[in-house]
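Everything on this sheet refers to the single structure shown next.
Here, each number is a calculation from the coordinates, and none is a lab measurement. Everything quoted here is computed from the prediction, not taken from an experiment.
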Amino acid sequence: MMGGGAQALVGSQRILPGHRAVMAGVGPLQLKVAAQLTDAGVEVVEVLEASRKSPLSMGNALRAFGHWGKMREGWSTG
């Protein structure tokens with residue numbers, strides 16, 4: 001299941017997508033989804049970053065420039 005699907009299940013339907021999860025993807029939004037799943041009671045056993053660059057690298061920072069709303073959403077824990 002994609003992270004957005006899991007986020008929708010937990011956020012709007014209050015349905016857990018499972019009891020254990022592995023998050024895999026690119027970028028900081030998967031961190032937000034992992035936090036939401038954890039808060040809902042899912043055991044997140046791993047968060048895997050698929051990008052060759054660190055999410056905190058200069059290249060990723062420059063690519064994210066101007067997308068402040070998405071950056072806030074990805075880094076928030078609530």
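Summary of computed values
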| item | result |
| --- | --- |
| Debye log10 I(q)/I(0) for segment 2-48, one point scatterer per Cα, at q = 0.31 Å⁻¹ | -1.29 |
| For segment 41-51, Karplus couplings with θ = phi - 60° (6.51, -1.76, 1.60), whole Hz, Gly/Pro x | x, 7, 7, 8, 8, 7, 10, 10, 9, 8, 6 |
